[in-house]
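I have placed the structure first, in the form of C-alpha cells, so that the comments after it can refer back to it.
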Amino acid sequence: MALIGRLMICTSLLSFSLPAAAMPASPTLLPVTLGLVFLLLILSIALWTKLRQANSKADQLTTFIHQHQDAVCLLNADLQVLDANQAFTRLTGFSLEQVQGKPLRLFNSQGEPESIAKDIQGSLSKGQFWHGDIWSRKANQQVFAIDLVISCLRPASHNKSALFLATFSDISSRKLNELELRRVNTKDPGTRLPNRAVFLDYLEREIQSTTEQYPNFAIMILQLDTLDGSTLSAPRLAELATSIRTNLPNGVFMARLSGNEFGFLIPAYLGSPRLDLQGYRLARQVLPLLEQATKDTPLIPAFGIALYPDDGHSYDQLLRSADHALQRAHTSKAQPIQLFNQAALPRSSESFALEQELQQGLSQQELRLSFQPKLSISSNRVTGFEALVRWQHPKRGLLMPAQFLPVAQETDLIIRLDQQVLKLACEQMQQWKKTGLMRGRMALNIAPQTFFQPGFLQHYLQQLQEHNLSAEHFELELDQQILQQHPELSLQRMQAAKEAGFFLVLDRFGSGLSALQHLRDYPLDQIKIDGLLTQKLEQSELERNLTAGLIRIAGYLQLSVVACQVENEMQAYLLHVMGCETIQGHVFSKAVLPSELAAVIARESRSIQQLTG
C-alpha cells in the first residue's frame, strides 16, 4: 500500500507540479509525456487493486480460521501447521507456538503415524480433498478420534508451495458408542463368547503384533460331535463353553466359530520355542473338562492346531491349516489332537507324556544327584563340586538332564525341580560335613523361572537354616538369560544373595550374546567359560584368543574363572597357560554318585601333575 501511494504521488508531481521552465519546450513531446504519465497512473491503480484484493482474501481466510467453531489450521505441503484457531488449541491443548512448523499428530487405529500421513499426502497430490475418521493425541497424551477434512487452498506452482486448510471435530463419543455397539453385536448369544468375526479380528491383530522378540503364536480349533450325530442343546453348549473358558490359562483367547466349533488363540507373548507343545498341552487340558461335563452325553472331540508363521502368514491360511489338521483328527480315532505339521505331533505327544511323568516323578521323589568335582590346576586339589540332577525313572531308567530339563523349563515344573535339588544338596552337604569329605563349595544351577519366583531367596535361606548350613557353602550358577530378561530385578536379587553369603557365578559365559558389561555391572564372583569354547581350543586359534581374552578381562575385574567340559590334557594345559586356575570335566572326573566321591578325592594329588610339568 505504501508503494502504491508513493507511485501515485510521483505521478501527480510529474503531471502537475513541474514548473513551466522545466516543461518540455517542444509541443510534440507534451502528448507523449502526458501519455506516459497516464499509463503509469493506470498501472499503479491496477497494482493497488490487485494487492487490495489479495489482502482482502487473506483477511477473509484469517477471519474464517479464527472465527470457525470447529478446530481449523492452515497447513503447508508437508502438513505442518502454519496457523490455527482458538478451537484448535482448546481441543488439543496445544498453543499455536507449540504446533507451528510441526506436523499434525495423526495415526490410524493400529497406531501407525507414518502410514496415515503418506495416505493423506498421496490423496492430496491426486486431488483437492481428503476426508476421514482418524486418531490424534492431545497435549496431555490423551488419544481422541477426529473427523478430519483437508482441502487445497493453493496448488503448488513453480514459485509457490501448496497450502491446505484442515478442519476437524472431536468424535470420540461417537466412536465409543460404535465400539459398544460392535461389542454387543460381536457376542455369541448362546454362549456369551466372542463370535467368529471377533476371533478373526483378534487373529489379524495378533499377526500384526508379532515382533522379533515374540515371533510366533498358535491357534486351535475344537469341534464337538455326538455319537449319534445329534446337535447339542443350547444350554448344554453354554455350560461346556463356560467350563472350558473358566479353566483356560491366562492370556488364551476363546471364541465360538460356528454351531459346534470353538477357536482358541495362544498369543505371541505366551509363545516359546516349543509352541507345538503349548498347543498340544492346551488341548490335553481341555479334554478332561469335556469328559467330566458330558458323562451323560458322550462327545467326540477333535482338535486341529496351526502355528504362525510356519503354517500360514495370514489369518485365512492359518484357519485353513488348523481346519486341515481338524479333519485328520476326525479320521484318527486314536489321536484326536492333530497338528498341521504332522512331523511335530510325535514330538509334542512324547513331550507331553514326559511332562506328566515328570510331575509324578517330582511327587514320588525320583530325582537323584551326581557331583562333578572342580579341580585347581596349580594345587591339584578338589576345590568344590557341581550338583547335577538325574531322574531315576521307574520305566525308562536313569535319565540325563538333556532328556527332561527342556520339558521342565517349558513349565513351572522347573521351579519344583530346583527346589528338590536344593533339598537333596543340603542333605548331601550335611553328610559330607560329618564324614569330612566336603571340599570347597557346592554349585547349584538356578533356572530363570526359579530366580524370578517371589520368595526365591527366602526359600533357599530357609532350607539352609533347616539343615544347619550357611550360604557360604554354596555357589549359585546363573545363566546369562537372567541378566538379560529383567536387569534391574536381577541386580536387586543378586545383591541380596551376595549379602546373604552366596558365591555368584555367571554360567556359560562366552556363548550367545555375552555382554562384558554383565561382568562390570553385577556383583559376580566368578565366570564359567562355556564348554563350546573349551572343546575348540585345540583346533581354532580364534577360539584360543577369545578364551584367553575372556580370562584376562575376568582377571582385570578380579573375577575367578572356571572352565567346564575339559576333556583332555591338552585343553587343561592351554587353559593353565591362559591363566585359568580351575577346571571341570572328564579329564579329571565325570559326575559321580556320592558313594564314589571318596575314591575321586583319593586320587586328586596324582591326577594332574603331568599336565603342568
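Structural remarks
- Of all residues in region 208-232 being open to solvent by less than 50 Å² (accessible area, probe 1.4 Å) and touching a Phe, Trp or Tyr at 6+ places or on another chain (Cβ under 6 Å), the one that is modelled with the lowest pLDDT: Asn216
- For region 233-252, the criterion of being among the aliphatic types (A, V, I, L, M), farther than 13 Å from Ala306 by Cα and open to solvent by 60 Å² or more (accessible area, probe 1.4 Å) is met by at least one residue.
- Count of region 206-232 residues which are free of Cβ contacts under 8 Å to residues at least 60 places away in the same chain and either part of a strand (DSSP E or B) or closer than 20 Å to Leu319 by Cα (or both): 1
- Residue list for region 478-488, filter: surrounded by fewer than 20 Cβ atoms within 10 Å (Cβ to Cβ) and not polar (S, T, N, Q): Asp479, His486, Pro487, Glu488
- The residue that is least open to solvent (accessible area, probe 1.4 Å), among those in region 130-166 that are touching a helix residue (DSSP H, G or I) at 6+ places or on another chain (Cβ under 7 Å) and within 14 Å of Asp78 (Cα to Cα), is Ile150.
- For region 130-143, a residue qualifies if it is touching a residue at least 40 places away in the same chain (Cβ under 8 Å) and part of a strand (DSSP E or B), and the qualifying residues are Asp133, Ser136.
- Residue match in region 342-353 (condition: open to solvent by less than 60 Å² (accessible area, probe 1.4 Å) and at pLDDT 90 or above): no
- First in region 173-188 and closer than 27 Å to Pro235 by Cβ, second anywhere and at pLDDT 70 or above and part of a loop (DSSP other than H, G, I, E, B), Cβ under 9 Å, 6 or more apart: Asn185/Asn195; Thr186/Asn195; Lys187/Leu193; Lys187/Asn195; Asp188/Asn195
- Flag for Ser243 being in contact (Cβ under 8 Å) with a residue 12 or more places away in the chain and of a type in the set (Ser, Thr, Tyr): yes
- Candidate set from region 416-468 (those that are small (Gly, Ala, Ser) and either at pLDDT 95 or above or more than 22 Å from Lys528 (Cβ to Cβ) (or both)); member that is nearest to the chain's Cα centre (by Cα): Gly455
- Taking each residue of region 470-492 that is over 20 Å from His459 (Cβ atoms) and looking for partners that are among the polar types (S, T, N, Q) and surrounded by 14 or more Cβ atoms within 10 Å (Cβ to Cβ) with beta-carbon atoms closer than 9 Å, six or more apart or interchain, yields Gln480/Ser511; Gln480/Ser514; Leu483/Ser490; Gln484/Ser490.
- Residue pairs whose Cβ atoms lie under 8 Å apart, sitting 6 or more positions apart in sequence or on different chains, and linking a residue in region 300-322 that is without any contact (Cβ under 8 Å) to a residue 24 or more places away in the chain and surrounded by fewer than 24 Cβ atoms within 10 Å (Cβ to Cβ) to a partner that is among the basic types (Lys, Arg) and not in a strand (DSSP E or B), are Gly312/Arg320.
- Leu444 satisfies every condition listed in (1) under 17 Å from Leu369 (Cα atoms); (2) open to solvent by 50 Å² or more (accessible area, probe 1.4 Å) except (2).
The values are calculated or read from the model by the stated rules, or taken from the named source; none is laboratory data. Keep in mind that this is a model prediction, so the values were computed, not measured. Positions of Cβ are backbone-derived with ideal geometry, glycine not excepted, and every protein chain shown enters the neighbour counts. Note: areas computed on protein heavy atoms with side chains; ligands, DNA, RNA excluded. Shrake-Rupley method; radii C 1.70, N 1.55, O 1.52, S 1.80 Å.
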